[in-house]
Amino acid sequence: MVTVHIPGKDETLEIDHLVLDFNGTLAVDGRIKPGVADLLKELARNLRVHIVSAGTFGGVDNEVQGIPCVLKILSGADQTGQKARYVEELGAEHSACIGNGRNDLAMLEKAKLGIVVIQEEGAATASLLAADVVCRDVVSALQLLLQPLRLTATLRT
Ligand SMILES: [Mg+2]
């Protein structure tokens, strides 16, 4: 579990699950971004890591090899709903989500902590507005969870 106290809101986030979009978030053009695998391995000591992907570019399973995670490949329609339901089943109250696209909106909204990343693909404006925090890239986003005092500073009122 990662615990983050938010002064002002007098709230404590207790995060057990980290759910990540793949393309545009962990990967660019289907290839995982530098530094991401090591950060996820470190986070996996305290959190259950879940990677959800529509598999747009293929080869996701190869890219995430060696990362301790649950890989969820989506198929069919309503991937926005599928991602959100996945988070609900895990327990949205104890989940953090990181994503960038329009189909990440509902999971970002439902999760206790939603982080949107911009980086190469950009972020869908609607998803950005549904998130609690906006990061320029996924390395910064993952580091927020490794150094929760940074999150406290961003979210306190
Ligand atoms: Mg994406």
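The values are calculated or read from the model by the stated rules, or taken from the named source; none is laboratory data. What you see is a predicted model; the values in this text were computed from it and never measured. Ligands, DNA and RNA are stripped out before the accessible areas are found, and what is left, the full protein with its side chains, is counted by its heavy atoms. Shrake-Rupley method; radii C 1.70, N 1.55, O 1.52, S 1.80 Å.
Can you list residues from other chains, or at least 5 along the same chain, whose modelled amide H is less than 5 Å from the amide H of VAL70?
Here VAL49, HIS50, ILE51 satisfy the definition.
What's the center-to-center distance, using Cα atoms, between region 88-157 and region 28-68 in Å?
16
Would region 1-112 count as rounded, prolate or oblate if I go by the C-alpha gyration tensor, calling it rounded below 1.5 in a/c and otherwise prolate when a/b exceeds b/c, oblate otherwise?
The shape class here is oblate.
Work out from phi, with θ = phi - 60° and the Karplus expression 6.51 cos²θ - 1.76 cosθ + 1.60, the ³J(HN,Hα) of each residue of region 82-89, listed in order in whole Hz, and give x for Gly and Pro.
Karplus values, whole Hz, x for Gly and Pro: 5, 5, 5, 5, 4, 5, 4, 5.
Where a ≥ b ≥ c are the square roots of the eigenvalues of the C-alpha gyration tensor, would you call region 32-84 rounded, which needs a/c under 1.5, or, failing that, prolate if a/b is larger than b/c, or oblate?
Oblate is the answer for region 32-84, as a/c is 1.5 or above yet b/c matches or exceeds a/b.
Just to make sure I understand: if all protein chains stay in place, what is the order of LYS83, LYS110 by accessible area at 1.4 Å, largest first?
LYS110, LYS83
Scan around GLU11 for amide H atoms under 5 Å from its own, H built in the peptide plane at 1.01 Å from N, and keep only partners 5 or more places away or cross-chain.
Placed amide hydrogens put ILE6 under 5 Å from GLU11.
Provide the percentage of antiparallel DSSP beta bridges, counting only those with both residues in region 22-133; round to the nearest 5.
Rounded to the nearest five, the antiparallel share is 15 percent.
At 1.4 Å probe size, put ASP10, ASP16, ASP132, ASP38 in order of accessible surface, largest to smallest.
Largest to smallest exposure gives the sequence ASP10, ASP38, ASP132, ASP16.
Kindly write out, for region 106-120 in residue order, the coupling ³J(HN,Hα) from the Karplus curve 6.51 cos²θ - 1.76 cosθ + 1.60 (θ = phi - 60°), rounded to whole Hz, with x marking Gly and Pro.
5, 6, 5, 5, 6, 5, 4, 10, x, 10, 9, 10, 9, 5, 6
Take the alpha carbon gyration tensor of region 61-121, find the square roots of its eigenvalues, order them as a ≥ b ≥ c, and report rounded if a/c is under 1.5; if not, report prolate when a/b exceeds b/c, else oblate. Working shown, then result.
Numbers: a/c = 1.27, a/b = 1.20, b/c = 1.07.
The shape class here is rounded.
Convert 20 °C to kelvin, take the viscosity as 1.002 mPa s, use the Kirkwood radius over C-alpha pairs of region 71-157 as Rh, and evaluate the Stokes-Einstein diffusion coefficient in µm²/s, rounded to a whole number.
Estimated diffusion coefficient is 163 µm²/s.
Just the number, please: carbon plus sulfur as a percent of the accessible area of the chain, 1.4 Å probe, no ligands or DNA/RNA counted. Walk me through the numbers before you get to the answer.
On the way: 3430 of 7370 Å².
Exposed carbon and sulfur together represent 47 percent of the surface.
Just reorder ASP21, ASP78 by solvent-accessible area, largest first, 1.4 Å probe, all chains present.
Putting ASP21, ASP78 in descending order of accessible area: ASP78, ASP21.
Could you list which residues have their amide H under 5 Å from that of CYS135, counting only those 5 or more apart in sequence or on another chain, with H placed in the peptide plane?
VAL116, VAL117, ILE118
Just to be sure I follow the rule: in the chain, considering lysines 8 or more places apart or on different chains, how many pairs have Cα atoms under 27 Å apart?
Lysine pairs meeting both conditions in the chain amount to 16.
Length gain on complete extension for the stretch GLN65 to GLU11, per 0.36 nm per residue less the alpha carbon to alpha carbon distance?
Taking 0.36 nm per residue and subtracting the Cα distance, the gain is 15.9 nm.
Using θ = phi - 60° and the Karplus relation 6.51 cos²θ - 1.76 cosθ + 1.60, list the HN-Hα couplings for region 147-154 in order, rounded to whole Hz, with x at every Gly or Pro.
With the stated coefficients, region 147-154 comes to 10, x, 5, 5, 5, 4, 5, 6 Hz.
Let me check against my output: what whole-number percent is the relative contact order of the chain, with C-alpha pairs under 8 Å and at least 6 apart?
25 percent.
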